[in-house]
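See below for the structure under consideration.
The values are calculated or read from the model by the stated rules, or taken from the named source; none is laboratory data. A quick note: this is a predicted structure, and the numbers were derived from the prediction, not measured. Positions of Cβ are backbone-derived with ideal geometry, glycine not excepted, and every protein chain shown enters the neighbour counts. Heavy atoms of the whole protein, side chains included, go into the accessibility calculation; ligands, DNA and RNA do not. Shrake-Rupley method; radii C 1.70, N 1.55, O 1.52, S 1.80 Å.
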Amino acid sequence: MDFAFDARTEELRERLLAFMDEAVYPAEPVFSAQVAEAAARGVIWQRPPVIDELKAQARARGLWNLFLTHRPEGAGLTNLQYAPLAEITGHSPALAPEAMNCAAPDTGNMELLADFGSEQQQARWLKPLLDGEIRSAFCMTEPDVASSDATNIATRIERDGDTYVINGRKWWSSGAMDPRCEILIVMGKTDPAADRHRQQSMILVPRDAPGVDIKRGMHVFGYSDGTHGGHAEVVFTDVRVPAENLIAGEGEGFAIAQARLGPGRIHHCMRQIGAAERALELMCRRVTDRTAFGKPLAEQGVIQDWIAESRVRIESTRLLVLKTAWLMDTVGNKGAHSEIQAIKIATPETVEWILDKAIQVHGAGGLSQDFPLAGAFAGIRTLRFADGPDEVHKNSLARAELKRHAAQAPTS
């Protein structure tokens, strides 16, 4: 495994680092001011104008759709090439990913449509998503069942002639509150009597279809995440869409979900390493500037322990993520399944620990809106649920490990 940057990656890194320094970081206070001004007018869900300005700059610099690996619609990158680029965007998660059209949930939805969508579906929905003209949402999680087990999904998708009728209730449908969101990818059951992994299907539902009721945006530790499109509760009541809106075919929903979640998980982890790096940077600056009990915080033994431990944890986690990216490129997502689960367990835990220490050295300021730490902490804590909770991944990983060692057990 050689994780050295090749010429293509290095060139894109230099271009991206310049974009961050010249455009993204200077835009952060502008973004905050625009969000505050919009909130004062009661406008929560619209994107601040500075986002569109950054998107135009990113596209002009050739920093567009980098996430879509191994596909001509993207930048022609591998997962290993994309990993250090995604990490850089994690330094400014509210701005950089979306500026480059590399923000969830649109990334996962675009990958899904690229892999499983029909030509008609790709022309109608994938192209405008790739062009950054619209946004989308993924409607899978439900409030009344344990959605970490996708076979529990209760929403019904029933065939009626040349249409399908959808009834059900979803929540945490990220992005659905955004006025630019035009399409929902909905997972539900088409055949409850089929094999438990063949009951589910996915279907494309226009956000403005009759019977779609966007009820409210859920809060995450008090944050509305309005500037990211929110996390909507959506009720579907006799929503009727054409049969050609079904993705891939009846019974394919579970397999599609698993295919979608693999890249989504590693992209989250890539970006979160960048968030950890920025938290460590803020920690070091803060302790250098502050004095307590007669000497700089930077000279306190416990602080130095936190800083050293943060560096060790970042480097260890980054290597695991890079190995996973390399495996996804060389043996495929299925072959990298265990490693994808491992990074999904390890990365949020690592970054949460580092953010906690960064908040601690910032004192009350670390809990406030004056630093990005509190929002980042809410986000990383959320990631321990998103794309499957820790416990599900640990259970699956343990079973795989037990099976592997049982197969290698000596006979006597």
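Rolling a 1.4 Å probe over the protein chains gives Arg285 an accessible area of about 140 Å². Shown here for the range 289-343: chymotrypsin sites (Phe, Trp or Tyr not before Pro) in loop regions (DSSP other than H, G, I, E, B) with at most 12 other Cβ atoms within 10 Å, namely Phe293. Taking amide H as placed 1.01 Å from N in the peptide plane, Tyr223 has no amide H partner under 5 Å among residues 5 or more places away or on another chain. Shape of the range 181-272 from its Cα gyration tensor (a ≥ b ≥ c, root eigenvalues): rounded if a/c is under 1.5, otherwise prolate when a/b > b/c, or oblate? Oblate. A simple spin-label model places pseudo-atoms 7 Å from Cα toward Cβ; at Arg240 and Gln304 they are separated by 7.4 nm. Specify which residue in the list Pro97, Phe3, Leu282 is farthest towards the positive end of the charge dipole of the chain, using unit charges on the beta carbon of Lys, Arg (+1) and Asp, Glu (-1), about the Cα centre. In the chain, that residue is Leu282. Round to the nearest 0.05 the FRET efficiency obtained for Ala18 and Phe293 when R0 = 56 Å and r is the Cβ-Cβ distance. E between Ala18 and Phe293, to the nearest 0.05, is 0.85. Contact order, relative form, for the chain: 14 percent (alpha carbon pairs under 8 Å, 6 or more residues apart, mean separation divided by residue count). In a simple Cβ point-charge model (Lys, Arg +1; Asp, Glu -1; nothing else charged), the chain has a dipole of about 560 debye relative to its Cα centre. Spin-label model, Asp162/Ala60: points 7 Å from Cα along the beta carbon direction are separated by 4.7 nm. Extension gain, Tyr25 to Ala398: 0.36 nm times the residue separation minus the Cα-Cα distance gives 130.1 nm.
Working note: Karplus 6.51/-1.76/1.60 with θ = phi - 60° gives the range 328-335 the couplings 4, 6, 9, 10, x, 4, 5, x Hz, where Gly and Pro are set to x. Taking θ as phi - 60° and the Karplus parameters 6.51, -1.76 and 1.60, the scalar couplings of the range 127-133 work out to 4, x, 5, 4, 7, x, 7 Hz in sequence order, x denoting glycine and proline. Loop-resident chymotrypsin sites (Phe, Trp or Tyr not before Pro) (DSSP state other than H, G, I, E or B) in the range 172-243 with no more than 14 further Cβ atoms inside 10 Å of their Cβ: Phe221. Each of Ala255, Thr350, Val312 was scored by the projection of its Cα onto the charge dipole of the range 244-354, and the greatest displacement toward the positive side belongs to Val312; charges sit on the C-beta of Lys, Arg, Asp and Glu. Among the trypsin sites (Lys or Arg not before Pro) within the range 36-113, those in coil by DSSP and having at most 11 neighbouring Cβ atoms inside 10 Å are Arg41. With a Förster radius of 41 Å applied to the beta-carbon distance between Thr151 and His70, the computed FRET efficiency rounds to 0.90. Calculated [222 nm] ellipticity per residue, helices only, for the chain: -16000 deg cm²/dmol; basis is -39500 (n - 2.57) per DSSP H run with n ≥ 4, divided by all residues, nearest 500. Summarising the label geometry, the points placed 7 Å from Cα in the beta-carbon direction at Gln120 and Ala193 lie 2.8 nm from one another. If one takes the longest principal axis of the Cα atoms in the chain, at what angle in degrees, from 0 to 90 and to the nearest 10, does the Cα axis of helix 7-19 lie? Approximately 70 degrees, to the nearest 10.
Distances between placed amide hydrogens fall under 5 Å for Thr141 paired with Trp171, all partners being 5 or more residues away or on another chain.
Compute the long axis of helix 49-60 from its Cα atoms, compare it with the longest principal axis of the Cα atoms of the chain, and write down the angle in degrees, 0 to 90, nearest 10. Roughly 90 degrees, rounded to the nearest 10.
Extension gain for the segment Lys127 to Arg8, taken as residue separation times 0.36 nm less the Cα-Cα distance, is 40.3 nm to one decimal.
Within the shell of other residues whose beta carbon sits under 13 angstrom from the beta carbon of Gly366, the net charge comes to +2, with Lys and Arg scored +1 and Asp and Glu -1.
A Cβ-based charge dipole, computed about the Cα centre of the range 294-374 with Lys and Arg at +1 and Asp and Glu at -1, lands at about 200 debye.
Relative to the dominant Cα principal axis of the chain, helix 25-40 is inclined by about 60°.
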